[in-house]
Amino acid sequence: MYKIRNQFAAGLLLILCSVVTAHAQSYTKPKVRAITGFVRIERARYKQEIGAAMAVLDAARSEFRHQGYTVEGVRIVTQPLSELVAGQSDSDALAFLKTLDQLSAKEHFALNIGPGMLSDSDDPHTMELLARALSTLPNANASAIIAGDDGIHWKVIHAAATLVQYVAAHSPRSQGTFNFAATAMLKPYGPFYPGGYHTGTGKQFSIAFEGANVVQEVFARTHGDFAQSVAELTRQLTIHCKVAEAIGMQVAARTGWTFMGVDPTPAPLGDVSIGSAIETYTGARFGSSGTMTAALIITTAVKAVPVKQIGYSGLMVPVMEDSDLARRWAEGAYDTDSLLAYSAVCGTGLDTVPLPGDVSEGQLERILGDVASLAWKWHKPLSARLQPIPGLKAGDRTPFKDPFLFNTTVQPLP
C-alpha cells in the first residue's frame with residue numbers, strides 16, 4: 001500500500017510539474033547532466049548488478065526524455081576502492097578494474113570506483129593502486145576525501161598530491177588527472193563526478209542538471225538587480241528540480257531503489273558557460289569586481305530551491321570545461337587565489353586548473369590544504385581537480401584532447 005501511495009504521489013507530482021513548466025517555456029530547458037546510481041558489487045556477480053543498476057537509470061532517463069529533457073549520461077558509483085578490490089593482489093585488482101572500465105564503455109555509463117582514502121586511518125597503498133589505475137584506464141573516475149566532520153585529513157592530502165604527480169607523469173597527455181578529485185566536506189550520494197561516492201548498501205540514485213544556460217537567461221532579464229536575480233533564478237531552478245524530484249520519486253517507487261535527491265548546482269559545459277552568465281550580470285569579464293556578488297546570487301538561489309538536495313548545491317567554476325572560463329584564464333583575469341575567494345561564498349573550489357609541470361609535491365599539498373582548510377572552516381563542500389603538465393611552464397598552451405575540454409594557457413602559481 002505504501003508503494004502504491006508513493007507511485008500515485010509521484011505520478012500526480014509529474015502532472016503538476018508539466019503544468020508548471022508551461023510557465024517556463026520562454027526559457028531554454030537545461031540538460032540533465034547526470035543520473036547517478038550507487039551500487040555495491042561483488043566480483044562474481046558484477047555484470048548482473050551493473051545490469052540491474054542500468055535498468056533503473058534507463059527508467060529515469062526515459063522519463064526525463066518523455067518530459068522533453070536531453071540527458072547527457074548515466075553514471076554508476078561502486079563502493080570505495082579498498083572494499084571493491086579487498087582480498088585481491090594488485091595485479092588482480094588492476095585487471096578487475098580494467099574489466100569494469102571496459103564494461104562502462106560497452107554499456108555507455110560513466111564509472112566511478114570510489115575514494116582511494118576516506119580518512120587518515122586508511123591504507124595509503126590503495127592510493128598507489130589508484131594512481132596506477134587512473135594512469136591507464138580512460139573511463140574510471142575516483143576521489144580522495146581530504147576533510148570531513150572529523151577534521152582535515154593531512155595524510156590523505158599527502159597521498160593525493162603524490163597521486164596527482166604520478167598520474168600527470170604516466171597518463172597520455174597527463175589527462176588522467178581529470179578523472180580524480182580531492183574532496184572536502186562533501187557528503188555521499190552526490191551525482192557529480194569525480195567526487196561522487198557512497199559507503200552504504202547500494203541501490204540509491206541522485207540527479208544533477210547542466211543549468212548554466214538558465215543562469216545566463218535569468219541574468220539577461222534581471223539587468224543586474226540582486227534581489228530580482230535571486231528570486232527569478234530560484235523560481236526557474238525550482239521548476240526543473242521539481243521535475244527531477246518527481247521523476248526520482250516515481251522511479252524509486254517502481255524499482256525499490258532509494259532516491260537521494262537533486263543537486264541544483266547549475267553546472268556549465270562547453271559553450272553553456274557559467275563564466276558568460278556571470279559576465280552578463282556584471283557587464284565585465286569574469287574575475288572583475290562583481291564576480292563574487294554574482295557567485296553569491298547563484299548560490300543563494302540554489303540553496304533556496306525547495307527540493308531534497310544532495311551534493312555540492314552551489315556553483316561550479318571548472319576552468320577548462322567552460323569555454324569562457326578557459327579564455328579568461330588564458331588572459332590572466334583570475335587565478336587560484338581568486339577561485340578560493342569565490343569559494344568562500346559558493347563552490348566548488350579549484351576545478352580543472354592547469355598547473356606548470358614543475359609544480360612540486362609540496363606545492364600541491366599546500367594547494368590541497370588550502371581547499372581543505374576553507375571547506376572545513378565554513379563546513380561546506382569543496383573539491384580540487386589539479387592538472388599539472390610535465391614539461392610545460394607558465395605561458396605554454398595545454399595539450400589536452402577531449403571534446404569537453406578547452407585548452408588554455410598555463411599561468412604561474414601565485
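Computed values, structure above
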{"quantity": "Matching residues, the stretch 376-414, being touching a strand residue (DSSP E or B) at 6+ places or on another chain (Cβ under 9 Å), under 13 Å from T336 (Cβ atoms) and in contact (Cβ under 8 Å) with a residue 60 or more places away in the chain", "calculated": "L382, A384, R385, L386, Q387, P388, Q411, L413"}
{"quantity": "Residues being of a type in the set (G, A, S), more than 20 Å from D263 (Cβ to Cβ) and either in contact with a strand residue (DSSP E or B) (Cβ under 9 Å, 6 or more places away or on another chain) or surrounded by 24 or more Cβ atoms within 10 Å (Cβ to Cβ) (or both) - total across the stretch 285-325", "calculated": "1"}
{"quantity": "Of the criteria (1) over 20 Å from P381 (Cα atoms); (2) part of a helix (DSSP H, G or I), which one A284 fails", "calculated": "(2)"}
{"quantity": "Residue pairs meeting the criteria (Cβ under 7 Å; at least 6 apart or on separate chains; first touching a residue at least 24 places away in the same chain (Cβ under 8 Å) and within 17 Å of Y312 (Cα to Cα), in the stretch 336-358; second charged (D, E, K, R) and surrounded by fewer than 20 Cβ atoms within 10 Å (Cβ to Cβ))", "calculated": "L340/D370"}
{"quantity": "Per-region count, the stretch 331-353, residues at pLDDT 95 or above and farther than 21 Å from L364 by Cα", "calculated": "2"}
{"quantity": "Matching residues in the stretch 234-272 - criterion: being surrounded by fewer than 19 Cβ atoms within 10 Å (Cβ to Cβ) and charged (D, E, K, R)", "calculated": "R235, R254, D271"}
{"quantity": "Residue that is crowded, with 23+ Cβ neighbours inside 10 Å and either over 18 Å from the mean Cα position of the chain (by Cα) or not in a loop (DSSP other than H, G, I, E, B) (or both), where the choices are L392, L340, L355", "calculated": "L355"}
{"quantity": "Residues of the stretch 287-311 classified as closer than 17 Å to L237 by Cα, out of contact with any Asp or Glu (no Cβ under 6 Å at 6 or more places or on another chain) and not in a helix (DSSP H, G or I), total", "calculated": "4"}
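The values are calculated or read from the model by the stated rules, or taken from the named source; none is laboratory data. In this text, all values refer to a predicted model and were calculated from it rather than measured experimentally. Note that each Cβ is placed from the backbone with ideal geometry, even for glycine, and that neighbours are counted across all protein chains shown.
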